[in-house]
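What follows draws every value from the coordinates through simple rules; no lab data is involved. What you are looking at is a predicted structure, and each value in this text was computed from that prediction instead of being measured. Cβ atoms come from the backbone with ideal geometry, glycine included; neighbour counts cover every protein chain shown.
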Amino acid sequence: MKKRFEGIIVSLKMQNTASVEISRRVPHPLYKKLLKRSKKFKADYSNMELKIGDKVRIEETKPISKDKKFKVVEVIK
């Protein structure tokens, strides 16, 4: 099963590559307060009109380069 995430585009400075930030809320192990955790993934896109701030869905693929293992599937907003 392929991993799918929703995130926000934070950078489009690379060619055919978008940097997508995924945010999630996890409880603290002891105190159970909800904490915000985020991680950035590099995702491949081609023939898509993207802007910084767009909410997108990314999906895991075979490795495209050293760091790119995801591709943009669709633009949500």
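Where q = 0.13, 0.23, 0.24, 0.28 Å⁻¹, what log10 of I(q)/I(0) comes from the Debye formula for the chain, counting one point per Cα? Cα-only, vacuum Debye calculation for the chain: -0.41, -1.00, -1.06, -1.35.
Please rank Lys68, Lys13, fewest neighbouring Cβ atoms within 10 Å first, as an exposure proxy. Before the final figure, lay out the partial values.
On the way: Lys68 17, Lys13 8.
Final ranking by Cβ density, sparse to dense: Lys13, Lys68.
Each residue, His28 and Lys51, gets one label point 7 Å from its Cα in the Cβ direction; the gap between the two is 3.9 nm. Taking amide H as placed 1.01 Å from N in the peptide plane, the amide H of Thr17 sits under 5 Å from that of Tyr45, each at least 5 places away or on another chain.
Let me check I've understood the local charge: for Pro63, count other residues with C-beta under 12 angstrom from its C-beta, Lys and Arg +1, Asp and Glu -1. What total comes out? Its environment carries a net charge of +3. Packing-based ranking of 30-36, 49-55 yields 49-55, 30-36, ordered from highest to lowest mean Cβ neighbour count within 10 Å.
For Cα pairs less than 8 Å apart in space and 6+ apart in sequence, what is the mean separation divided by the residue count of the chain, i.e. the relative contact order in percent?
With pairs under 8 Å counted, the relative contact order is 31 percent.
Which order results if Val73, Val10, Val20, Val56 are arranged by neighbouring Cβ count within 10 Å, fewest first?
With the sparsest Cβ surroundings first, the list reads Val10, Val73, Val56, Val20.
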